[in-house]
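Undergrad: Below are the structure tokens for one structure; questions will follow.
The values are calculated or read from the model by the stated rules, or taken from the named source; none is laboratory data. As the structure is a prediction and not an experimental result, all values here were calculated from the model. Methodologically, a virtual Cβ is constructed for each residue, glycine included, from the backbone with ideal geometry; neighbour enumeration extends over all protein chains shown. Just the protein is used for accessible areas: all its heavy atoms, side chains included, with ligands, DNA and RNA removed. Shrake-Rupley method; radii C 1.70, N 1.55, O 1.52, S 1.80 Å.
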Amino acid sequence: MLPQEIVRTKRDGQPLDAATIQDFVRGITDGRVSESQAAAFAMAVFFRGMSLDERVALTRAMRDSGTVMEWTSLNLPGPVIDKHSTGGVGDKVSLILAPMLAACGGFVPMVSGRGLGHTGGTLDKFESIPGYRAKPDNELLRRVVKEVGCAVIGATDDIAPADKRLYAIRDVTATVESLDLITASILSKKLAAGLDALVMDVKFGTGAFMQRFEDAEALADSIVTVSKGAGLPAVALLTDMNEVLGRSAGNALEMRECLAILRGEPAEPRLYEVTAALAAELLALAGLAPDAAAGRVLADRSIASGAAAERFSRMVTALGGPADLLEQPDRHLERAPIVRPVFAERSGFAGAIDTRGVGMAVVALGGGRTKTTDTIDFAVGFDEVAGLGDAVGPGERPLAILHARTEAQADEAERRLRASVTVTDTAPERGPLIAKRLG
Ligand code: URA
């Protein structure tokens, strides 16, 4: 069928079969489908939606538009597993989770992205490590996954190239916000990693991609259903992003926070809880634990025993980073020249947090991007960030400690951080951290 006929069919609300969807996606990949046709298709999907069968077909076709990683020939003695998060502010879960899963018998080729807008990206956090090769060649990647159990890397151009082109078109045609297209976009890349099981962290709240709980729930449901339909067992947790996860936001600062947790130092409880819960679910789903409760015991033990830390260090070394990063972070991770506390203007409690605003304050410091070509200052950001309900005020606990490159950036970020936190006379009720499990 001609591309315009495929667009017409969807525009008129008629179903598309798998072969037709596959043909259209091939056309997106090889350029046979023009930009305007892809945009019109995205808009037709936005308004008409897709059936489950169509979503699965679109996901599979986008997966097959590029390389699909193959692990069977390595004869790995455990399942190939991964987590995906819809992203948030201070979301550093992957830094702890990947080595945790490896220490529990999983093999984790964690293909991660860069941050854009208010959300940070796992890849940027790893690129704050001097020498770390985030884009190893295929041979090195396979060796590290086999020998260490985990490799956190960036997506190569040959992973789901149809998604790359379609996403860029959606971005400028107001069609990003389609559940069908988001589902296919996220899952095509995960399926291309050749996984045996997937856990999704779908965030809701002021710092999340989907702020409303109902929207996040619908996305989680769609991802789990389509993933299973495409042959990849999946579980999703809906987790709270109404405040920064952990105590830091900014690349090297987040890396420091995770290194401390891996060394066995006390973790910020919400960060640890989300990480361990995702690990527990995935270990159970992949058959590495009889159930999530047993998975949780394994996950906790991997931190307490130092096994996760050992995997982390081996991964960093194997990918070109310093061997003593875990023990000597100050020797390797850059520090910003200006470090100062940011106080609230009056005493009270951190009663409501516009977490997106905190993320944009990190961008104002140079620690994030407003467009994909921006370069990042790894050293800047916030640590000791106040959580909901913390008592704050002038001369008391600061809202955060700010790390900045220039005074002008520091002043702007300070203003943004203050504007993001509403100080109240009484402590707010926190909602549940893990609001729902779908699977
Ligand atoms: N993240 C993705 O990878 N794709 C989308 O469409 C939205 C968020």
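Undergrad: I'm checking my understanding of the structure. Among residues of the stretch 150-161 that are more than 12 Å from the ligand (Cβ to nearest atom) and of a type in the set (A, V, I, L, M, F, W, C), which one is nearest to Ile21 (Cα to Cα)?
TA: Only one residue fits best here, namely Ile153.
Undergrad: Restricting the search to the stretch 123-153, which residues are of a type in the set (S, T, N, Q) and either within 17 Å of Arg335 (Cα to Cα) or open to solvent by less than 10 Å² (accessible area, probe 1.4 Å) (or both)?
TA: Ser128
Undergrad: Check Arg247 against each of (1) closer than 17 Å to Leu388 by Cα; (2) free of Cβ contacts under 8 Å to residues at least 12 places away in the same chain and name the one condition it does not meet.
TA: Failing condition for Arg247: (2).
Undergrad: Does any residue of the stretch 217-234 turn out to be of a type in the set (Lys, Arg), within 12 Å of the ligand (Cβ to nearest atom) and open to solvent by 10 Å² or more (accessible area, probe 1.4 Å)?
TA: There is no residue in the stretch 217-234 that is of a type in the set (Lys, Arg), within 12 Å of the ligand (Cβ to nearest atom) and open to solvent by 10 Å² or more (accessible area, probe 1.4 Å).
Undergrad: For the stretch 17-29, indicate whether the set of residues that are closer than 22 Å to Met255 by Cα and of a type in the set (Lys, Arg) is non-empty.
TA: Scanning the stretch 17-29 turns up no residue that is closer than 22 Å to Met255 by Cα and of a type in the set (Lys, Arg).
Undergrad: Counting just the residues of the stretch 166-185 that are buried (at least 17 other Cβ atoms within 10 Å of the Cβ) and of a type in the set (Val, Ile, Thr), which one comes out nearest to the ligand (Cβ to nearest atom)?
TA: Only one residue fits best here, namely Ile182.
Undergrad: Still on this structure: So the check is Cβ under 8 Å with 6+ separation or different chains; which pairs have a first residue in the stretch 263-279 that's among the charged types (D, E, K, R) and a second one that's open to solvent by 60 Å² or more (accessible area, probe 1.4 Å) and not in a helix (DSSP H, G or I)?
TA: Correct list of pairs: Arg263/Glu327; Glu268/Arg247.
Undergrad: Separate question: Looking only at the stretch 202-230, count how many residues are within 27 Å of Gly357 (Cα to Cα) and touching a strand residue (DSSP E or B) at 6+ places or on another chain (Cβ under 9 Å).
TA: 18
Undergrad: Which residue out of Phe343, Phe378 is of a type in the set (Phe, Trp, Tyr), open to solvent by 20 Å² or more (accessible area, probe 1.4 Å) and within 19 Å of Glu257 (Cβ to Cβ)?
TA: None of the other options fit; the residue is Phe378.
Undergrad: Moving on to the next point. Looking at Gly113, Gly106, can you tell me which residue is open to solvent by less than 50 Å² (accessible area, probe 1.4 Å), assigned by TED's automatic domain parsing to the domain that holds Met255, under 20 Å from the mean Cα position of the chain (by Cα) and at pLDDT below 95?
TA: Within the list Gly113, Gly106, the selection yields Gly113.
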